[in-house]
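Please treat every number below as a calculation from the coordinates, not as lab data. The model shown is predicted, which means the values in this text are computed figures rather than measured ones. Here Cβ is always computed from backbone atoms with ideal geometry, including for glycine, and neighbour counts include all displayed protein chains.
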Amino acid sequence: MFNRHIDSKTTFIDLGAYIGGTSLYCAQLAAEAFAFEPDPVVYKYLEQNLACNPQIKNLHIYNQAAGTQEGVVHIKSTASGGNAGSSLMIKDFKSSWEVKLIDLAKFINENHKAEKLFIK
């Protein structure tokens, strides 16, 4: 699917990038790539994986969440983060953290310069 829909005329946005596997791959196909990962534990691995791939210069990563408005949200986890199970909607959680929330539509308007847009 990525090879079919992403090319040098595409802005790629990864919401919930985790450790960056999809982001790193798609950045190599796209004109520009942006990855959002609100879990601070996982975000550190995303940073490390990007650093291990210095040839990828068009991937921009953010330790933030994306939504319909700007603000702050509290992400919750059944562990201490880093387990791919963090969410805004968990009721029985062991840990939580505050994350900056960006307005996705505004972000796209300011950063999408390519002909096409692909959001994962």
For the chain, take the longest principal axis of its alpha carbons; what is the angle in degrees between that and the long axis of helix 40-51, to the nearest 10 within 0 to 90? 30
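Can you sort Tyr43, Tyr25 from fewest to most other Cβ atoms within 10 Å of each residue's own Cβ? Each step should come with its number before you reach the end.
On the way: Tyr43 24, Tyr25 17.
Least to most surrounded, the residues fall as Tyr25, Tyr43.
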What list do you get for Leu15, Leu117 if you sort them by fewest beta carbons within 10 Å? Leu117, Leu15
Treating only the Cβ of Lys, Arg, Asp and Glu as charged (+1, +1, -1, -1), what charge dipole size does the chain show about its Cα centre? Round to the nearest 20 debye. 160
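With a 10 Å Cβ neighbour count serving as the proxy for reagent exposure, in which order, fewest first, do Leu46, Leu101 appear? Kindly include the intermediate steps, with their values, before the conclusion.
Details: Leu46 25, Leu101 18.
Ordered from fewest to most neighbouring Cβ atoms within 10 Å, Leu46, Leu101 come out as Leu101, Leu46.
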